[in-house]
Structures are given as C-alpha cells and as structure tokens.
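Below is one structure, written out as structure tokens, with a few remarks after it.
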Amino acid sequence: ETGVTQSPTHLIKTRGQQVTLRCSSQSGHNTVSWYQQALGQGPQFIFQYYREEENGRGNFPPRFSGLQFPNYSSELNVNALELDDSALYLCASSSRGSVDEQFFGPGTRLTVL
Amino acid sequence: AQTVTQSQPEMSVQEAETVTLSCTYDTSESDYYLFWYKQPPSRQMILVIRQEAYKQQNATENRFSVNFQKAAKSFSLKISDSQLGDAAMYFCAYKEGNNRKLIWGLGTSLAVNP
C-alpha cells in the first residue's frame with residue numbers, strides 16, 4: 001500500500017509569484033484535504049476535494065485554489081504569494097465515511113522571500 | 001465555533017515513565033471524533049489514537065491511551081513506558097461527524113529524557 005506523497009519537499013519563492021504543490025493520495029482513498037501549518041502552530045484547514053469537486057473550504061482567500069484529478073491526486077495553487085504564506089503545507093487523504101480518518105503526507109515547506 | 005485548546009506548550013518525561021498531555025475542546029455538537037496526532041522532526045503527521053464521541057470506553061493503542069471526559073470536554077493522552085522515539089509534537093484534533101475538516105490545537109512539544 002502506497003502512502004501519501006507530496007512534491008516538492010522544499011520550495012523557495014518570492015513575493016508575487018505563483019506556486020503549485022502536488023499530492024498523491026494513498027491507494028484506495030478518494031478524498032484529499034490540504035492544510036497550512038505556520039511555524040509553531042497547529043495546521044489550518046484550507047480545503048478538501050472529493051471526486052474532483054471542492055467539498056469544504058476554510059478561511060483562506062481565493063488566491064488559494066486547488067484541483068483533484070481522476071486518479072484522486074491533487075494540486076494546491078497559490079497566486080500572488082505573500083510573506084505570510086511561508087509555512088508547511090500538508091496534504092491528507094482519506095476514504096469518504098463518517099470517521100474520515102486522514103493520513104498525511106510529509107508536507108512541502110514553502111518559503112516566501 | 002469549535003475550538004481545541006492544548007494548555008501545555010512543552011512537557012518532558014523520563015524514559016520508561018508515564019506522561020499525560022492535556023486537551024480540551026468546545027463544541028455544541030453530539031456527533032464528533034477526537035484524535036491525537038504525533039509530528040516528529042520529519043514533519044509527517046502520524047495518527048496516534050482516535051476516540052468516537054458516542055463511545056464511553058476510552059480508546060487504547062498499546063502504550064497510548066486516552067481519558068475522554070465528554071461532559072467536561074476533555075481528551076487527555078497518556079503515554080506509558082515512554083521511549084526516546086516518542087519525542088515529538090503532539091496535536092489534539094477535533095472533527096464533527098458530518099464535517100470534513102479537522103480543527104487542531106497548538107500542540108505540545110514532548111521531550112523524552114534518557
């Protein structure tokens with residue numbers, strides 16, 4: 001069974017640029033959630049995708065957008081990067097169900113200069 | 001709005017001893033789930049244990065157990081026979097039954113001393 005993978009591991013961008021982060025879900029999972037974890041904080045929910053549709057969104061501006069593909073992998077896109085976007089971005093996959101136990105990838109560390 | 005509070009930013013324990021990490025939450029819902037996740041320096045969030053709110057029995061996974069006090073909205077994690085590999089950030093998280101997002105506490109950094 002393949003776990004959740006994310007790419008890239010680290011990324012450095014400058015203010016105003018755009019970035020795309022990628023996530024491959026665990027085998028058998030059809031739901032992907034994205035979280036932003038600032039240094040010293042708990043993760044904050046960005047949004048979730050189920051069967052290629054956005055299925056819930058946290059308090060993040062529209063410049064945070066996403067996609068889910070037919071194979072259930074997902075992308076997180078952030079436009080017009082700001083310094084405060086510097087964080088660890090976590091992807092979690094799960095199967096649709098009441099518990100919705102989420103399995104996390106290793107994260108992408110984004111630094112915005 | 002639902003909130004999760006972890007009041008201990010840092011804790012330490014001697015190897016082989018027992019430590020308890022605290023978590024309280026606020027909700028008006030009756031159907032929800034609680035989780036403890038561990039985040040080692042490798043950054044990957046690992047599920048330690050989960051508790052369904054409708055279950056009165058406290059969850060146990062090997063050396064890890066919880067003390068779930070529903071009326072008090074308390075969900076503490078007990079780690080018995082602590083090992084060096086238990087050193088990590090521990091996060092308490094909450095999820096409503098029909099909602100998809102996890103709501104997280106700020107975490108507790110656990111150090112295990114040899």
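Tabulated results
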| quantity | calculated |
| --- | --- |
| Candidates A:Gly16, A:Gly28, A:Gly42, filtered to the one that is in a loop (DSSP other than H, G, I, E, B) and either open to solvent by less than 10 Å² (accessible area, probe 1.4 Å) or within 24 Å of B:Pro40 (Cβ to Cβ) (or both) | A:Gly42 |
| Residue ID - most open to solvent (accessible area, probe 1.4 Å), chosen from residues in segment A:74-106 that are out of contact with any Lys or Arg (no Cβ under 7 Å at 6 or more places or on another chain) and more than 13 Å from every other protein chain (Cβ to nearest Cβ) | A:Asp84 |
| Failed item in (1) within 11 Å of the chain's Cα centre (by Cα); (2) open to solvent by 10 Å² or more (accessible area, probe 1.4 Å); (3) of a type outside the set (Phe, Trp, Tyr), with B:Asp81 passing the rest | (1) |
| Residues of segment A:65-103 satisfying the condition of being of a type in the set (Gly, Ala, Ser) and in a strand (DSSP E or B) | A:Ser65, A:Gly66, A:Ser74, A:Ala87, A:Ala92, A:Ser93, A:Ser94 |
| Matching option when the condition is in a loop (DSSP other than H, G, I, E, B) and modelled with pLDDT of 95 or more, among A:Pro106, A:Pro62 | A:Pro62 |
| Selection count, segment A:1-42, where residues are free of Cβ contacts under 8 Å to residues at least 60 places away in the same chain and out of contact with any strand residue (DSSP E or B) (no Cβ under 6 Å at 6 or more places or on another chain) | 6 |
| Near pairs, Cβ below 8 angstrom, 6+ apart or cross-chain, from segment B:85-112 (more than 7 Å from chain A (Cβ to nearest Cβ)) to any residue that is open to solvent by less than 10 Å² (accessible area, probe 1.4 Å) and of a type in the set (Lys, Arg) | B:Ile103/B:Lys95 |
| B:Thr18 vs. criteria open to solvent by 50 Å² or more (accessible area, probe 1.4 Å), hydroxyl-bearing (Ser, Thr, Tyr) and under 29 Å from A:Arg96 (Cα atoms) | no |
| Number of positions in segment B:65-98 that are in a helix (DSSP H, G or I) and charged (D, E, K, R) | 1 |
| Yes/no for B:Ala59 being more than 22 Å from A:Gln44 (Cα to Cα), among the hydrophobic types (A, V, I, L, M, F, W, C) and within 14 Å of chain A (Cβ to nearest Cβ) | yes |
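Each row is one residue, and each column tells you yes or no for (1) buried (at least 16 other Cβ atoms within 10 Å of the Cβ); (2) farther than 30 Å from A:Thr9 by Cβ.
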position: B:Thr5; (1), (2): no, yes
position: B:Phe35; (1), (2): yes, no
position: B:Arg50; (1), (2): yes, no
position: B:Glu61; (1), (2): no, no
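The values are calculated or read from the model by the stated rules, or taken from the named source; none is laboratory data. Quick caveat, the model's predicted, so the values are computed rather than measured. Ideal geometry is used to build each Cβ from the backbone, glycine not excepted, and the neighbour counts take in all protein chains shown. The area values use the complete protein model at the heavy-atom level, side chains included, leaving out ligands, DNA and RNA. Shrake-Rupley method; radii C 1.70, N 1.55, O 1.52, S 1.80 Å.
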